[in-house]
Amino acid sequence: MSGTLDFEIRFRRPNAIGSVAVPVEVRKPDLTVVKTGLSTDKMVLEAGEYLVISRMPAGQEMVNHVNVKENVSNLVILRPEENEESPHESEAAQHYFVSDRQKTIQAPKKKGGTRTNLIFGASQHKTARPAPVKLRSYAGNLFEDDTRELNTDWNYSDHERGFLGFNVDGTNEPKIVQLLQKNCPPINMVLPISNEHPCKVLVTNVADGRYTLDAHLQNAEADMMLRYSTRGFIRATEALGEELTAEKLLQGKFSDPIAAAVGAYALLRFNKIDLLHDWTENLHNSFTWLPDGSVLLGEHLARLGRHKEALDAFLETRQRGIPVFSDGLSYLIDRLNTYLNIGNDDFISRDQKNIATGMMTLLQRISAFTDFREPFTTYTGLNILEPDDEKLKTFPNTEESLDITKLISI
Amino acid sequence: MSLVINNKAAMNGQPGVHIFISGVSLYKHLPGGESHSLAVADYGMKQLSSTALSAFKFYRWITDETVSLRLPIATCRVVLSPSNGEKDILPELAAANFDPCDRAHFAKEVRAWRDDAASHKDSIAIFYFAGHGIQNSKTNTVLLLDDFGDPAEGDLTNTASVGNIFDGMAPPQTVAGLKNIARTQFYFIDCCRVFPPQFKHFATINSPDVFKVELSGREDRHAPIFYAALPDTKAYALQNEQTFFTKALIECLNGAAGDIRRDEDGNDDDEPKWHVSAQTLNMALSNYFSEIANLPNTNQEFSMGGIPTGDKTIRWLDGPPEVRARIRIDPGLAVSNVKLEFIDSNGNLSSPAAESQDDIIRCRIKAGSYRVNARIAPPNGVYKDFEDSILRTVLPPVFNLKRKVL
């Protein structure tokens with residue numbers, strides 16, 4: 001006495017975020033949860049009335065009611081309420097994936113201890129006259145002071161009033177984008193890219209005339225999972241985890257280590273150690289440039305109680321660079337701190353202690369100006385090696401930066 | 001007195017809930033405190049007026065016999081340093097005679113709490129603190145105890161590190177006595193998490209350990225930490241009343257974070273029950289903290305940390321809790337002509353008492369699935385009824401809907 005249920009997510013503007021699989025929840029009229037899964041799943045249910053709910057990471061709810069009939073294929077269409085639709089197709093990922101609170105990038109305190117916030121509002125288009133703003137980028141390893149400013153061919157893909165999206169090409173080394181605007185501390189963000197997988201950088205002009213920075217992964221499901229995971233929404237993260245497995249993401253020519261890192265961080269965040277299998281080891285061994293590969297392996301081993309091996313993995317991050325993800329930065333700092341405090345020569349050698357101490361010097365400098373609410377490592381300071389919260393007085397004399405003021409204020 | 005409930009003997013080794021509650025409003029070494037020797041480095045802190053009171057309200061809530069926790073209470077410890085104002089407001093608090101929440105009592109009672117929580121893996125450990133807090137690094141919160149700032153001691157001597165307490169509650173590699181530490185742990189940290197500017201240019205300034213932490217064994221805890229504030233931000237309170245976080249927390253635990261599912265540790269044929277779990281609490285506080293707490297225009301934001309794995313039930317509810325319904329009427333001018341009807345899946349009609357402001361009608365309705373009609377009463381030629389065609393899930397804490405009556 002059962003029927004099947006298919007789902008269709010219908011945004012007002014088709015292809016707004018592609019054919020992304022969205023977590024769905026099926027409940028009985030008494031609200032008891034019957035099944036959870038993804039919108040791409042076909043569910044088998046007993047005939048009867050059901051309510052279907054999907055919550056986007058930013059909080060929009062899509063709800064519908066379906067009467068499942070036996071022996072037939074039933075379809076339920078989910079769409080956001082009209083007033084919750086994304087205003088522009090190009091803003092869809094930002095609109096549906098990033099909650100209002102995550103759209104707030106924290107500006108550093110003034111000396112008096114008060115706090116100011118930059119409201120990251122893609123939809124807030126009542127802009128003041130924009131101040132000059134520039135973008136530039138760096139590549140390299142901060143730990144080894146081996147960074148260079150890049151001559152980036154900024155390829156802007158989306159262009160709405162007060163909002164600009166750039167496609168940043170992939171590369172197999174850590175890359176940092178820096179947003180420069182007068183009277184604000186420069187914002188640095190480590191980008192989620194790999195050789196075959198670019199990302200989209202978003203610059204948004206907010207109501208007070210300032211700009212903020214965000215990035216979205218090429219893999220929309222991984223991007224969505226990252227946002228659910230950051231908010232601690234375990235059920236939605238688990239549902240997406242069925243889709244984003246290491247087997248799918250790390251095999252083949254176009255394997256996606258950034259999406260795989262998102263999946264592994266989510267499993268660590270929710271302590272699903274048993275599901276990690278050899279995920280972190282593969283990521284570590286196959287992508288020897290990716291800082292998060294060694295951090296993820298280290299944290300995985302530490303959770304298993306294998307701390308000596310974990311220490312080796314964490315120390316290897318020095319050859320790779322600063323983690324892309326702020327969860328990684330946090331794990332790296334906390335574990336190195338713990339291991340240095342153990343101090344026992346049997347556990348940590350003098351050489352290892354020296355390496356860890358050197359790493360911690362930079363990590364503490366960076367973390368003091370890092371916004372750990374951001375999914376990607378994001379900190380302030382004009383000099384990417386000497387973070388601070390000083391407001392920019394004059395633009396640095398550089399030919400490589402892109403002045404986006406005119407583009408964004410059109 | 002700190003150990004206010006001790007049912008260990010009666011429970012005869014069975015798993016139970018072990019609770020540690022701490023709160024400070026009166027700081028000895030801050031201006032207005034009992035001591036003449038003021039803190040040299042006070043980080044701009046002042047006396048508080050509602051944190052110990054909030055801790056006391058949490059204590060009263062969790063020990064209320066009508067609250068069905070997932071397991072029976074085995075032990076409950078309370079250390080509080082209330083202000084005189086709080087004692088005046090609540091004589092019960094003044095009469096309670098709890099030990100003060102200074103470093104010595106705090107450390108002693110936290111250690112005793114851990115020892116008790118280590119008696120059974122299936123037990124639940126609950127830690128609550130309300131008072132001043134700061135970050136000594138971007139990733140660690142330090143709780144300021146009532147003798148914080150004693151000029152005869154180091155700046156952070158009379159404090160406790162959340163990281164140290166959390167790590168000290170981890171299943172250890174070798175310490176046999178802690179092998180059976182409760183694997184389900186809930187932490188509620190109701191304090192500011194400001195990172196003092198003077199710390200930014202130093203290596204981490206340490207808070208003395210409460211626990212000697214050894215390297216952990218296999219990490220298999222379910223241990224979310226619910227923070228009242230994001231790192232580097234403040235938490236707020238209503239003077240002489242309650243902190244916004246504890247207010248929201250208790251409302252969530254009373255049903256605003258309710259949901260109906262099967263218990264994740266139960267059997268497949270168990271009846272689903274209304275309950276509050278780690279995950280439903282996180283969802284409610286993540287999405288609606290300011291609304292549940294009636295937060296004024298501040299930048300306080302809830303956040304979750306720790307190891308929020310699984311979805312452990314915290315308490316059972318007797319039935320479907322109330323939901324705050326918020327129906328936006330379009331056009332707003334019609335709001336005074338609209339009467340809301342909630343029709344459940346069996347066709348039963350409810351028209352709850354409602355109040356309207358601007359274009360929004362607010363009411364409270366029991367959680368369930370409803371068709372939500374907007375009826376023009378009395379009918380007029382300008383606006384028309386909106387009859388809902390589908391059942392909608394009305395789940396705590398807040399149900400939002402828009403109705404067009406033109």
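The values are calculated or read from the model by the stated rules, or taken from the named source; none is laboratory data. Fair warning: this is a prediction, and the values are worked out from it, not measured in the lab. Because the Cβ atoms are built from the backbone with ideal geometry, glycine has one as well, and the counts that use them run over all protein chains shown. Side chains included, ligands, DNA and RNA excluded: accessible areas come from the protein's heavy atoms. Shrake-Rupley method; radii C 1.70, N 1.55, O 1.52, S 1.80 Å.
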State whether the residues of segment B:215-233 include one that is open to solvent by 10 Å² or more (accessible area, probe 1.4 Å), more than 8 Å from chain A (Cβ to nearest Cβ) and charged (D, E, K, R). no
Just wondering, is there one or more residues in segment B:364-376 that are closer than 13 Å to residue B:326 by Cβ, assigned to a strand (DSSP E or B) and within 25 Å of the chain's Cα centre (by Cα)? yes
Can you tell me how many residues in segment B:287-303 are more than 10 Å from chain A (Cβ to nearest Cβ), outside any helix (DSSP H, G or I) and not hydroxyl-bearing (Ser, Thr, Tyr)? 6
With the structure loaded, tell me whether residue A:370 is closer than 25 Å to residue A:227 by Cβ and either open to solvent by 20 Å² or more (accessible area, probe 1.4 Å) or at pLDDT below 95 (or both) or whether it fails that test. yes
Just give me the residues in segment A:34-89 being among the charged types (D, E, K, R), without any contact (Cβ under 8 Å) to a residue 60 or more places away in the chain and either under 30 Å from residue A:202 (Cα atoms) or more than 10 Å from every other protein chain (Cβ to nearest Cβ) (or both), in sequence order. A:35, A:41, A:42, A:46, A:61, A:81, A:84
Can you confirm whether segment A:349-371 contains a residue that is without any contact (Cβ under 8 Å) to a residue 12 or more places away in the chain, part of a helix (DSSP H, G or I) and within 23 Å of the chain's Cα centre (by Cα)? no
In this structure, is residue B:299 closer than 30 Å to residue A:373 by Cβ, open to solvent by 50 Å² or more (accessible area, probe 1.4 Å) and in contact (Cβ under 8 Å) with a residue 24 or more places away in the chain? no
Candidate set from segment B:345-363 (those that are among the hydroxyl-bearing types (Ser, Thr, Tyr) and in a strand (DSSP E or B)); member that is farthest from the chain's Cα centre (by Cα): B:350
So which residues in segment B:134-153 are over 20 Å from residue B:48 (Cβ atoms) and in contact with a Pro (Cβ under 8 Å, 6 or more places away or on another chain)? B:138, B:139
Closer than 30 Å to residue A:309 by Cβ, of a type outside the set (Ser, Thr, Tyr), away from chain A (no Cβ under 12 Å) and not in a strand (DSSP E or B) - does that describe any residue in segment B:181-200? yes
Restricting attention to segment B:133-180, report how many residues are assigned to a helix (DSSP H, G or I) and under 30 Å from residue A:366 (Cβ atoms). 7
Pick out the one residue from A:283, A:268, A:244, A:301 that is part of a helix (DSSP H, G or I), out of contact with any Phe, Trp or Tyr (no Cβ under 7 Å at 6 or more places or on another chain) and away from every other protein chain (no Cβ under 14 Å). A:283
Got a sec? Which of B:80, B:93 is open to solvent by less than 20 Å² (accessible area, probe 1.4 Å), at pLDDT 95 or above and farther than 21 Å from residue B:306 by Cβ? B:80
Could you please let me know if residue B:401 is assigned to a strand (DSSP E or B) and within 13 Å of another protein chain (Cβ to nearest Cβ)? yes
Check on residue A:339, in a strand (DSSP E or B) and more than 22 Å from residue A:285 (Cα to Cα): no
Quick check, is residue B:57 without any contact (Cβ under 8 Å) to a residue 40 or more places away in the chain, part of a helix (DSSP H, G or I) and open to solvent by 40 Å² or more (accessible area, probe 1.4 Å)? no
